[in-house]
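**Q** Below are the structure tokens for one structure; questions will follow.
The values are calculated or read from the model by the stated rules, or taken from the named source; none is laboratory data. Note that the coordinates shown come from a computational prediction; the quantities given were computed from them, not determined experimentally. FYI the Cβ positions are ideal-geometry reconstructions off the backbone, even for glycines, and counts take in every protein chain you see.
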Amino acid sequence: MDESSREWLDLPFEQYGPRPVVASRLANLSKFWARFALAATLLIGGYLGVRDVGDLRQLQVHGKQIQARVLDMHQTTGKNTAYWITYSYDLSGKTEDFQEEVDRETFESTSDGSTILVTALPADPSVHRRGFVDEDRIAKARFRWTAGTVILGLIFEGIFLAVADKTRKEMRILRDFYAGPGRITAMGPPKGTKVKCQDVEFIYRHPNGIAEKGTVNLESSRAAKYKVDKPIIAMIDPQAGQPAVLYDTLTMARLDT
């Protein structure tokens, strides 16, 4: 081992050791955001759902069925095709224009200049729905809002809980494995060869104070982020005595995943 390598490895161990308390706080923070995401989704979804069902109830009781004229039709393409119609109607001395996304069947059965049935509220002509508003439609809307809000909330909660679980696993690695500072010494094979993986060789200081060498195999796309002399932290399995996980000392990101 050359003197420069020995000098680097003699730097204080604590300067490079990871901080389990950081992982613990991240896990707790992720759990907090999981609960917050669920609560926020339920509150926002509940508010919007109650408002929508309330409008439908008002339209059922006080709404007026009128004919609206279709002014324009178009569709947008991309990842998913969307169908739009623009229609207008007069009620209580006011003219209301709306653009609304519709399903393909409705789009194909409608044409420019045709009329569609709209139920609108005379007291507030902007409150309206296409078609009739009856008890069955209100019940379906209530079910959609309830199910959609709960499912979306659980999805958000699941995402943050997954992050918390991953962080807890990382925390266990940080707690249960010994850490030794090190640096990358060589990377191969040379550039230009068509391979999917590269061997990254490194030297690290074992907790017993002895400098040792190790190798980790990385995908080429991941290995491209690292270079010779890059500082690392080698997480060492206390039973096997060999590096189990490598971390980037700056970002604390795992090199081997």
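**Q** When region 56-94 is examined, which residues are found to be of a type in the set (S, T, N, Q) and over 22 Å from residue 140 (Cβ atoms)? It would help to see each step written out before you state the result.
**A** Going through region 56-94, the residues of a type in the set (S, T, N, Q) turn out to be 58, 60, 65, 67, 75-77, 80-81, 86, 88, 92.
Matches in region 56-94: 67, 75, 76, 77, 80, 81, 86, 88, 92.
**Q** Does residue 179 satisfy the condition of being touching a Gly at 6+ places or on another chain (Cβ under 7 Å), outside any loop (DSSP other than H, G, I, E, B) and modelled with pLDDT under 70?
**A** Numbers: touching a Gly at 6+ places or on another chain (Cβ under 7 Å): yes; outside any loop (DSSP other than H, G, I, E, B): yes; modelled with pLDDT under 70: yes.
Criteria met by residue 179.
**Q** Now a separate question. Could you tell me which of the residues 27, 68 is modelled with pLDDT of 85 or more and not acidic (Asp, Glu)? Before you say what the answer is, go through the steps one by one.
**A** Details: 27 fails: modelled with pLDDT of 85 or more.
That would be 68, the only listed residue that is modelled with pLDDT of 85 or more and not acidic (Asp, Glu).
**Q** Same structure, new question: Which condition from (1) within 30 Å of residue 31 (Cβ to Cβ); (2) in contact with a Phe, Trp or Tyr (Cβ under 8 Å, 6 or more places away or on another chain); (3) surrounded by fewer than 18 Cβ atoms within 10 Å (Cβ to Cβ) is the one that residue 160 breaks?
**A** Condition (3) is where residue 160 drops out.
Matching residues to (1) outside any helix (DSSP H, G or I); (2) outside the structural domain of residue 29 (by TED's automatic domain parsing):
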| residue | (1), (2) |
| --- | --- |
| 54 | no, no |
| 68 | yes, yes |
| 106 | no, yes |
| 138 | no, no |
| 153 | no, no |
| 156 | no, no |
| 162 | no, no |
| 166 | no, no |
